[in-house]
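Colleague: Sending over a structure as structure tokens; questions will come in a sec.
The values are calculated or read from the model by the stated rules, or taken from the named source; none is laboratory data. Remember, predicted model here, so these are calculated numbers, not experimental data. In this analysis, Cβ positions are derived from the backbone assuming ideal geometry, glycine residues included, and neighbour counts consider all displayed protein chains.
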Amino acid sequence: MNICFITSECAPFVKTGGLADVSGSLPEALSDNGSDVKVFLPLYDIIDVKKHDIIRSDFPLSSVEIGGRACEYGLFERKGDKGTRYYFIDCPHYFGRGRVYTSDEDESERFIFFQHAVLKVLQHVKWSPDVFHCNDWQSSYIPAMLKLQYSWDSLFSKSKSLLSIHNIGYQGIFEPETVTKAGFGESCFVLGGPFEYNGNANMLKTGIFYADAISTVSPTYAREITTPEFGSGLEGVLKSKEGAIIGILNGIDTEEWSPANDKYLVKNYSAADTEGKSANRADLLKTAGFKGTSDVPLYGIVTRLAWQKGIELVLEFFEKNKNEEFRLVVLGSGEEKYEMKLKELSSKNSNKIKVFLEYNNELAHKITAGSDFFLMPSRYEPCGLNQMYSLNYGTVPVVRKVGGLADTVTDISDESGGNGFVFTEFEQGDFTESIFRSMKLFKNKEMMGKVLLRGMNMDFSWKKSSAEYIALYESMCPDRK
């Protein structure tokens, strides 16, 4: 099948979050399964074109009119390892900002421009996608554009659109004029209509309304977003499309995240031979700066320090239980209030808690491999990748039962044998109970070994997930398999 994958970020070229990981892995897996995949993203000035062998295409310089002003763009390209083609829309005016997302007044224009440019490139090269796979609000006007602005072009007459929601908390809400800037008529912006949301334009809402199908990044999250607790105000329109929403769990890059060949580990290991796990534990204690070695539970956190991630539960537990025997290593950055509280907690408990307020990929790998337990007490978690990384590395996760965490981690009390600790309510009591249960498990070395092996023997590769996407694409356009 012909798949046009449209995204605002893609690893390894540019990344701010999990969307980049999906965009960097799923298209390659689809190509490996025989699909013809073209990925489109902006050519931000922070992308190193030389490093990634990105070259200028012979596509002629063209323009898109936004709000009465024509803006020129060019095209760069790169071929992926599995045959995927990556296309970069080059427009310094919009994408030369030194960052991916901005708070600039023309933020909506940047991605309106990007979406029109993608469609115009396809028209020029005369390539007809079976499915436009759009991701989050930055490409969610595509479904409406296909139905309302480009329906005259037979190139797209049989194309279908899929909108993947990676985090419904980000919706692309802008001033009402956004709708006309995108080329839709003034009559489209009506109270309660697909373009309007509390008096403003909501790009994600529009995409949900016009997309032929909607996917999320885990089955549980697909159900959650149709409820007021998790729908972020869009549960109504999602509820009306409930039959068209499917949850497909993200995979992980098992080449980068594998304890058997991880270049950052002092000793590689696997489910068949877990001996190297203890060596990496000792290395993490040393790297983090703990004095000596101690046979007490070692907890790890690698996260964005944000309200979503439930940092309050972590802070309160380790503050109130500082006399317990444990070690904690935290890696991440984000909201200033969480950074300050973590630094304060660490300074008061310098040989129990170490905090690294930075992005450090090597340390992230060391924490994943060296910790005994990995903490993810999220308020919500569309999919989550770190719990899958930790399971892969024999590090037992402690998670809240939401989103992708609920789909990947089962409590050790489960009759079939669980792979971690799961608590339901976002409250200190439930989280505290889970931590104390993990401390108890740590003392039972035989059972601890069984639990970590259950995680290591799970398959989180993109092979299964990509097959589910292909099945979804084929269900959307059965006459174009």
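Colleague: Considering the stretch 304-345 alone, what residues qualify as being of a type in the set (Ser, Thr, Tyr) and at pLDDT 95 or above?
Modeller: Within the stretch 304-345, just Tyr338 meets the criteria.
Colleague: Report the residue count in the stretch 224-235 for those that are free of Cβ contacts under 8 Å to residues at least 60 places away in the same chain and under 17 Å from Glu425 (Cα atoms).
Modeller: 3
Colleague: Working only within the stretch 73-94, note down all residues that are part of a helix (DSSP H, G or I) and crowded, with 17+ Cβ neighbours inside 10 Å.
Modeller: Scanning the stretch 73-94 gives a single hit, Tyr94.
Colleague: Considering only residues of the stretch 152-180 that are in a helix (DSSP H, G or I) and within 29 Å of the chain's Cα centre (by Cα), which is surrounded by the fewest Cβ atoms within 10 Å (Cβ to Cβ)?
Modeller: Only one residue tops the list, namely Phe156.
Colleague: On to the next question. Quick one: Ala70 ticks every box in (1) surrounded by 13 or more Cβ atoms within 10 Å (Cβ to Cβ); (2) assigned to a strand (DSSP E or B) except a single one, so which number is it?
Modeller: (1)
Colleague: Would you mention how many residues in the stretch 385-421 are part of a loop (DSSP other than H, G, I, E, B), crowded, with 24+ Cβ neighbours inside 10 Å and among the β-branched types (Val, Ile, Thr)?
Modeller: Adding up the residues that qualify gives 3.
Colleague: Provide a single number: the residues in the stretch 458-481 that are touching a helix residue (DSSP H, G or I) at 6+ places or on another chain (Cβ under 9 Å), farther than 18 Å from Gly24 by Cβ and part of a loop (DSSP other than H, G, I, E, B).
Modeller: Matching residues across the stretch 458-481 total 2.
Colleague: Just checking, which of Ser157, Ser161 is in contact with an Asp or Glu (Cβ under 8 Å, 6 or more places away or on another chain) and in the same structural domain as Gly233 (by TED's automatic domain parsing)?
Modeller: Going through Ser157, Ser161 in turn, the sole match is Ser161.
Colleague: Hey, could you check the stretch 293-352 for residues that are aliphatic (A, V, I, L, M) and surrounded by fewer than 19 Cβ atoms within 10 Å (Cβ to Cβ) and say which is nearest to Lys443 (Cα to Cα)?
Modeller: Per the criteria, the residue is Val296.
Colleague: Quick check on Arg97: is it among the charged types (D, E, K, R), over 30 Å from Lys463 (Cα atoms) and surrounded by fewer than 23 Cβ atoms within 10 Å (Cβ to Cβ)?
Modeller: yes
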